[in-house]
Amino acid sequence: MSFREDHMQTLRVGVIGCGFFGRMHAQVLGDLPRVDLVAVSDVSEENLAAVKKNKVIKVRNYKEMLEREDVDAVHICVPDRMHTGIVKDAIVAGKHIFVEKPLTDDPETSREIYELSRDYPKKIMVGYILRFNPSSIAAYETIRRREIGEIIYVSSRRVSPVSGGLKYGKNSSLAIHSCVHDIDLARWLVGSEYSSVYSKSRFLRLKEASLPAGDAVLSIYQFENGVIYSQENAWVLSAAYPVYVDGRMDVIGTNGSVHLDFFSHGLKIYRGVEMEHPDLFHWPLLLGHRGGDLREEIAHFVDAVLENGTTRVTCWDGYVATVVADKVQQSIEMGREMSIHYR
């Protein structure tokens, strides 16, 4: 009996990690058709209690979830440094796997998982959410139709208030936590592999908070097809900055250009002296439902599993992004341009 016949075209899912992202995954999965959210896992009782879904099994040890025969797929939403062991355990358990970016925080372990995935009969998808944004998809299709001619260069900006650095800078670098988003998006739009990168970073504000992560990273890349790419990432803006993530990308060609704006989502709210640009793209909560790019991304994964389709983001894509981000970090530490190879 086929997977679809056996499970009546319903995907039974568990979520590992119920922090900020894990709870949003649970909200989407609990709301999608053809999905049964069976279980959630987190070491924190407080995080588990924050998942408001009736009849969902809650466990402290994720391995209990992996042992369950009524869980077909797992969404891994734990901190970057915990990805490797959990992904490997999920592979051993024979589950379909959605892992939030990055695949892992280290190129060697990402390579190990990629190699495991090559003969793995189940789906593994890495959560690079920008590939599911309507602007990104429209840009991708415009570029593929060669409406802007041959790409000359790409530039991007992804900056956040200092709260991002204070939250994530203890356990991750700016390169592996933030830069990977645009590393993946630029590669997808350009349609070529990276060949080199030269990066600089500044250590000041977060250093004062005793955090090892850099305040800002500026990078220059070259792709194998000759396209050059400049990237700006930071997470030390004023706490009063009106958005949590200010992201932009420009792709300039010989016959035109495309410009992606992730800064203003079409709504501005003013409260006294405060100004807010609410997120209406990535994961907005509207009329009680979690939507946006995250919902599209998760729905795509569900469809890929149930229809035996191809995932838009593969394990190879996840491996490449980790390798490139690691080269960014190496360039910062060694003070020189780094060649990029994928072995």
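The values are calculated or read from the model by the stated rules, or taken from the named source; none is laboratory data. What you see is a predicted model, and the numbers here were worked out from it, not measured in a lab. A quick note on method: Cβ atoms are made from the backbone with ideal geometry, for glycine too, and the neighbour counts reach across all protein chains shown.
Here are the numbers for the structure shown:
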| item | result |
| --- | --- |
| Count of residues meeting criterion [in a helix (DSSP H, G or I) and of a type in the set (Gly, Ala, Ser)] in segment 70-116 | 3 |
| Subset of segment 94-133 (residues that are surrounded by 16 or more Cβ atoms within 10 Å (Cβ to Cβ), of a type in the set (A, V, I, L, M) and over 30 Å from His265 (Cα atoms)) | Ile97, Ile113, Ile124 |
| Condition broken by Val154, with the remaining ones in (1) among the hydrophobic types (A, V, I, L, M, F, W, C); (2) farther than 21 Å from Gly318 by Cα; (3) assigned to a strand (DSSP E or B); (4) in contact with an Asp or Glu (Cβ under 9 Å, 6 or more places away or on another chain) satisfied | (2) |
| Single unsatisfied condition, Gly318 versus (1) loosely packed, with under 13 Cβ neighbours inside 10 Å; (2) in contact with a strand residue (DSSP E or B) (Cβ under 9 Å, 6 or more places away or on another chain) | (1) |
| Qualifying residue in segment 36-58 (condition: out of contact with any Gly (no Cβ under 9 Å at 6 or more places or on another chain), surrounded by fewer than 22 Cβ atoms within 10 Å (Cβ to Cβ) and within 23 Å of Ala325 (Cα to Cα)) | no |
| Residues of segment 69-85 satisfying the condition of being touching a residue at least 12 places away in the same chain (Cβ under 8 Å) and of a type in the set (Gly, Ala, Ser) | Ala73 |
| Any hit, segment 254-272, residues being within 24 Å of Ser136 (Cα to Cα), touching a Gly at 6+ places or on another chain (Cβ under 8 Å) and of a type in the set (S, T, N, Q) | yes |
| Residues within segment 117-132 that are touching a Leu at 6+ places or on another chain (Cβ under 8 Å) and in a loop (DSSP other than H, G, I, E, B), tallied | 1 |
| Residue list for segment 41-56, restricted to those being under 23 Å from Leu294 (Cα atoms) and of a type outside the set (S, T, N, Q) | Asp42, Leu48, Ala49, Ala50, Val51, Lys52, Lys53, Val56 |
| Strands (runs of 3 or more DSSP E) contained entirely in segment 225-325, each with at least 3 residues that are in contact (Cβ under 8 Å) with a residue 40 or more places away in the chain and either of a type in the set (A, V, I, L, M, F, W, C) or under 26 Å from Ser339 (Cα atoms) (or both) | 228-237, 246-253 |
| Any pair with Cβ under 8 angstrom, 6 or more apart, that starts in segment 102-122 at a residue that is under 14 Å from Thr314 (Cα atoms) and ends at one that is of a type in the set (A, V, I, L, M) and modelled with pLDDT under 95 | Pro102/Ile176 |
| Test: residue in segment 297-313 that is in contact with a helix residue (DSSP H, G or I) (Cβ under 7 Å, 6 or more places away or on another chain), farther than 30 Å from Ser201 by Cβ and among the basic types (Lys, Arg) | yes |
